Amino acid sequence: MIKHLGFCLFMLLGMSSGFAQAFAHTEYDWAEKPAITKTDRDSSEALEVVLKEKMIVEFYYDPGFNNALLEYFTWHKKIKVNSSNAIQRNNKVYISMNRAIELIDAKARVIKPNGEVTEFNKENIKDVSDLEAQGAYKFFAIEGAELGSEIEFLYTTKRIPSYSGRRISFQKDVPVEAAGFELYAPKNLRFGFKSYNGLTEVLPDTTDKKRMVYKMADTRIEALDEEKYAPYQRSLMRLEFKLDENVSTSSNAVTSYAKAAQSIYQNLHPKLSKSDLKRVKKLSKELKLNGSEEEKVRKIESYIKRNIAVYESLGEDYLEIPRILDDKITNQNGLMTLFMAMFKEHNIKYKVVLTCDRNEALFDKDFESYANLQEYFFYFPDMDKFLAPGEELFRLGFVPAEYSNNYGLFIEEVSIGDLQTGLGSVEYIPASEYLENQDNLTLKMKMSDDKTSIEMDVTREMTGLSASFLQGAFKLIPEESQREVGESLLKASEGEDEMLSFSAENIDEEDIMVNPMILSGKVKANSLLEKAGPNYIFKIGLSIGSQVEMYQEKKRVLPIENSYNHMYDRRLEFEFPEGYTIKNPKDLNMDIFYEVDGERRMTFTSTYTLEGNLLKVKVIEYYRDISYPLETHANFIKVINAAADFNKIVLVLEKE
């Protein structure tokens, strides 16, 4: 996201090393004569154990690259596989070649329970140009492993350095016997470290007089299992590090949010040419940008997102606004430049915002790492609204949920004399309110004339983030597939129910995240009605669609976290035939909730009224907070499971 920062530092830090360099990776090796490792985790419960994981990062000045700072990265891992699944998970070794200049060495072996060792043949290394959109990799297959074997690999790559913010997770869903880390750097470079979630701290090793050395002692780490509705990835024990100081140039706080703000500002605000400004004015005229600030921003956003494609591989030529508008493509910096040029043309105040995915890590206000600066947004102070420029399906007022409920770096343009620069401040990015993200259902139901099914008029309205996955994309779906999408969202049961008609409203460009997306249809629900002698069984609980039930078989470890605050408002009407009564309407009464200081923070409430032969049911479910502490998990499960419990409600229609 902010590769330019690392590149600038990479160029600035180049200097003569001043001493003959020794390298840790040349001195490090695995055991010459390996033997099967015995641990207290050798049991059927430990189906996979990481016996050793060691990472070594070495920064050095390379005379072959004009004494620029480069990096060696070494990774050593040894895994005991006690199940077929463990063998399958570890039967390939992938080596990232992102930033890599060359693969220095790679080796692997399998140690079988009888002590037999099978060495990997280096000639079997293969290349993948883009593995799951993660860039270039080399990989090789591990063969010969059996239950109880140990799979071991060790490799070193030489690469362009990354030191303005690195994030390494050591904890996994399997136990780790020994996790270690070492960092080596020239004497003039000082690094800062922070361990999260209880990981052992990294400490300086002062015994080496020629280099800066930092080490994390081998650490035993317990497995952490994934849990539903939990911030799993960011709860793993992890390490972050960054370059703090270059004493040879008296550069303090080399990696800081203040410097990032200045660098990002300069990178995103190139001096616009006369042709750039001319095209901006022309586009403004074509879009008829008048009205309120919000109306202008919405028109600008709509045009750019519907007309300009973004490809990161494009070069600097696509920073020029005429070319962007003519070719309809650009890179991310070009996209930002175009947005900001349009905003400035209309005197729209904005701040550039960068933050990180809170599923991976919370933005750290104190440890100023560029690992926290992953995604760009705009913030408009006069409107108090955010805009996600790179998210085609989102519109003003909403950002993807994973980037909210977090802090971020807000960059504001300031003038110092004739100089414009960026001033950074760390501010909060609030989550959208639960009332903004609704998924509402209206059902009008009655028995068919032959009393074999339930006829349903179904309307589903979705707003905000609850509609974000579909509203902006619906018209891009082939027409023949739109009905299939509608069926999946309106039918009570996929197998037995029939969709008789379907329509969609508020799916045009001007509706996206402004007006609720409305899906409507008529459904013949064959799955909801059963005859029982002279009476009928109506499975009214299933009319809202199947709800997932949450089980907690093991003791809960992690706190609760929702993706976003949201609400369901379900209104059910059932017109039942004359000559029948509902035997058990009180079964519909439910009230499960959790409150703080007398205020409900999550709830599932169902109530009913009877007006002659018309039953009306109101079902309200909402979650007003993203995060709930661990001690509330039992309450959360009760509320979540209340919808599944509602599914189980059946009404008995008795013949009078």
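The values are calculated or read from the model by the stated rules, or taken from the named source; none is laboratory data. It should be emphasised that the depicted structure is a prediction, and the values quoted were computed from it without experimental measurement. Here the Cβ positions follow ideal geometry from the backbone for every residue, glycine too, while neighbour counts run over all protein chains shown. What goes into the accessible areas is simple: the full protein's heavy atoms, side chains included, and nothing from ligands, DNA or RNA. Shrake-Rupley method; radii C 1.70, N 1.55, O 1.52, S 1.80 Å.
Points to keep in mind about this one:
- Peptides 477-484, 461-468 ordered by average Cβ neighbours within 10 Å, highest first: 461-468, 477-484
- Karplus 3J(HN,Hα) series, Hz, for segment 233-243 with 6.51 cos²θ - 1.76 cosθ + 1.60 (x for Gly, Pro): 4, 7, 8, 5, 4, 9, 10, 10, 9, 7, 6
- Förster radius 30 Å - calculated FRET efficiency between Lys194 and Asn85, Cβ distance, rounded to 0.05: 0.30
- Accessible-area rank, largest first, for Lys351, Lys531, Lys52: Lys531, Lys52, Lys351, with all protein chains present and a 1.4 angstrom probe.
- For peptides 302-313, 190-201, 77-88, sequence by mean Cβ density within 10 Å, most packed first: 77-88, 190-201, 302-313
- Under the Debye formula (equal points on every Cα, no solvent term), log10 I(q)/I(0) of segment 484-590 at q = 0.10, 0.17, 0.20 Å⁻¹: -0.48, -1.08, -1.24
- Solvent-free Debye scattering, log10 I(q)/I(0), computed from the Cα coordinates of segment 21-179 at q = 0.09, 0.18, 0.19 Å⁻¹: -0.33, -1.20, -1.30
- Split the accessible area of segment 289-402 by element, probe 1.4 Å, and carbon with sulfur accounts for 41%.
- Of the whole protein surface, His633 contributes about 50 Å² of accessible area at a 1.4 Å probe radius.
- Subtracting the Cα-Cα distance of Lys531 and Lys655 from their residue separation scaled by 0.36 nm leaves 43.5 nm.
- Förster radius 60 Å - calculated FRET efficiency between Lys475 and Glu123 (Cβ-Cβ, nearest 0.05): 0.70
- Added length on full extension, which subtracts the Cα-Cα distance from 0.36 nm per residue, Asp29 to Lys618: 205.3 nm
- Taking 7 Å steps out from each Cα toward its Cβ at Val514 and Asp457 produces label points 2.9 nm apart.
- Our summary gives the chain a relative contact order of 9 percent, counting only alpha carbon pairs under 8 angstrom and 6 or more residues apart.
- Glu498 accessible area, assembled protein chains, probe 1.4 Å, Å²: 80
- Taking θ as phi - 60° and the Karplus parameters 6.51, -1.76 and 1.60, the scalar couplings of segment 171-183 work out to 7, 9, 8, 10, x, 10, 6, 8, 10, x, 8, 9, 10 Hz in sequence order, x denoting glycine and proline.
- Think of it as helices only: each DSSP H run of n ≥ 4 in the chain is worth -39500 (n - 2.57), and spread over all residues that comes to -5000 deg cm²/dmol at 222 nm.
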